[in-house]
Amino acid sequence: MTTTDSILAPGFKTTPWWWEAAEPVARDSVLPDRAGVAIVGGGYAGLSAALTLRRLGHEVTVLDAERIGWGASSRNGGMVSGGLKVASGALTKSYGVERGRAIADAAAASFPFIEETIAREGIDCDYLRCGRFVPAWTPKHYDGLAARANFIAEVTGLPTRMLPRERQREALGSDHYHGGMIAEASGSLHPGKYARGLADAAERAGARLVDGVRVGGIRQDGTGFRITTDRGQMRADAVLVATNGYSRDSEGKSAMPWLARRMIPVGSYIIATEELPAEMMDRLFPGRRMISDTRRVLSYFRPSPFGNRILWGGRASFGPTAPDVAAPVLRGFMLSVFPELKDVRLTHAWTGNVAFTFDFLPHIGVQDGIHYAAGCQGSGVAMATWLGHRAALKIAGADNQGFALDGLNFPTAPLYNGNPNWFLPIVGGWYRLRDHLDRAAA
Ligand SMILES: Cc1cc2nc3c(=O)[nH]c(=O)nc-3n(C[C@H](O)[C@H](O)[C@H](O)COP(=O)(O)OP(=O)(O)OC[C@H]3O[C@@H](n4cnc5c(N)ncnc54)[C@H](O)[C@@H]3O)c2cc1C
């Protein structure tokens, strides 16, 4: 019988494996009385915005309730994609061909932008343009991917190709799926190192980063804004809120309640295995690509940077669940794809919040004079970096090209207050059931 003890390695931790190399550091900095631009949220979006604003000569302070980079930005899977989720034919159905295409292009531009940012700022984050393999859960999903492949290649500007089931082992050491798509416009990085590198770059450029300060309210005051925090008040000429999946705290408070009502925070979980032999990693991940499957409740997995362990992510639960409780569930998903890992133990399991929106699109815009950049749908390494930059251009009045994700109608739902915990188990359970039914019918 497998016990939890037997699957957890000695010294097992419930903090991100990434933090072993790059744990967000405490800054112990002073809250200023005023700022040119105050940015609420010190993840990729807030830090990228700070960097761009500094480059354009604006005085910037980034405020984070925890440590800078503490949120999803140092907890994610480190899979870098160019808006693969956004680029689908459904867009043209909802927005018409021209606008749908413009939205897909705007999202895809996040990929060259993050590559350029990493290179320009010299960020040491193990970045690799390795490509992504998207294995199909059912033969029908394979056909759906094939129909999307050309559209994705067109908008990302990099090739895609289909790998039928009989050739699947060229990309994945498993027969669990029904073939899949290889998308070249995709890479991998170490998210903790990237968050730290972006923070260092923003600081080097002159941004002030203040941690341990929770913003409780923002209101217009004369020509600027008065920001209330748990460490006193400050003024700013402009404010950007970039709180994504952490827009509402456990007590229901929010820096910007309007935004919180448009974010659906969902916990995503990741496990890390102990170190594995190189020959096994070569067999399981030929090509060393990032993998995310086509289920509604998807699994995403990858080799670690330097390729000696597996990081496996997914939705272990749709309610608040401790990472050590989630770990055996994720391990079960992993064994269904790679049964040979049954004796492999886990060294880490952790969680973080992603943010979905009711229209499944990322957004930037302005509400009551306050700028926002949020809603990355669980795919925000490149996207949050890009949204922050675009929001910064807008604040600086330097956005002369227009941006299709700016100012879109931003839906919420009646009576929704930013806490999805009462409906997520129902919707998540329904999605999971549909995944099972699809597979059973295949
Ligand atoms: C487990 C997991 C796996 C993921 N895997 C991937 C992946 O492989 N690829 C990918 O592209 N994306 C992935 N994502 C998504 C990606 O990490 C996010 O989209 C991205 O990091 C969002 O960045 P952000 O700056 O918008 O938000 P965050 O990094 O979440 O930062 C928001 C910050 O706001 C702060 N904050 C909130 N409220 C306040 C307040 N009132 N006052 C002050 N500060 C406040 C929080 O403390 C937090 O630090 C994953 C996410 C998770 C959680």
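Only the coordinates and a few stated rules stand behind these numbers; no lab work does. Only a predicted model underlies this, so the values are computations on that prediction, with no experimental measurement involved. Heads up, the Cβs are rebuilt from the backbone with ideal geometry, glycines too, and the neighbour counts pull from every protein chain shown.
Of note:
- About the centre of its Cα atoms, the range 4-441 shows a dipole size close to 720 debye [charges on the beta carbon of Lys, Arg (+1) and Asp, Glu (-1) only; nearest 20 debye].
- Protection-proxy order for peptides 34-40, 252-258, each taking the mean of Cβ atoms within 10 Å per residue, highest first: 34-40, 252-258
- FRET efficiency, N400 to D143 (Cβ-Cβ, R0 30 Å, nearest 0.05): 0.10
- Taking each residue as 0.36 nm, the span from S250 to N417 lengthens on full extension beyond its C-alpha to C-alpha distance by 58.9 nm.
- Only helices enter the 222 nm calculation for the chain: every DSSP H run of n ≥ 4 contributes -39,500 (n - 2.57), and dividing by all residues gives -9500 deg cm²/dmol, rounded to 500.
- Computed from backbone phi, the HN-Hα couplings of the range 303-319 come to x, 5, x, 6, x, 10, 8, 9, 10, 10, x, x, 9, 6, 7, 10, x Hz, rounded to whole numbers (Karplus: 6.51 cos²θ - 1.76 cosθ + 1.60, θ = phi - 60°; Gly and Pro given as x).
- By the count of other C-beta atoms within 10 Å, a proxy for reagent exposure, V210, V344, V241, V80 are ordered fewest to most as V344, V210, V241, V80.
- Charge-dipole axis of the chain as Lys and Arg at +1 and Asp and Glu at -1 on Cβ define it, positive-most pick from P257, A441, T61: A441
- For G314, the shell of other residues with beta-carbons less than 11 Å away shows a net charge of +3, using +1 for Lys and Arg and -1 for Asp and Glu.
- Centre separation in Å (Cα based) which lies between the range 300-334 and the range 386-427: 28
- For A440 and K342, the FRET efficiency from 1/(1 + (r/R0)^6), where r spans their Cβ atoms and R0 equals 22 Å, is about 0.35.
- Over the range 4-441, Cα pairs under 8 Å with separation of 6+ residues give a relative contact order of 24 percent.
- Integer Hz, Karplus 6.51/-1.76/1.60 couplings in order for the range 259-271, x for Gly and Pro: 6, 4, 6, 10, 9, 10, x, 10, x, 10, 10, 9, 10
- Within the shell of other residues whose beta carbon sits under 15 angstrom from the beta carbon of R432, the net charge comes to +2, with Lys and Arg scored +1 and Asp and Glu -1.
- Coupling constants for the range 16-23 follow from the phi torsions by the Karplus curve (6.51 cos²θ - 1.76 cosθ + 1.60, θ = phi - 60°), and in residue order they are x, 4, 4, 6, 4, 9, 8, 6 Hz; glycine and proline get x.
- Within straight-line reach of K394, meaning a Cα separation under 19 Å, sit the following aspartates and glutamates at least 8 residues removed in sequence or on another chain: E59, D105, D237, D368, D406.
- Distance between the C-alpha centres of the range 212-247 and the range 15-48: 15 Å, rounded to the whole angstrom.
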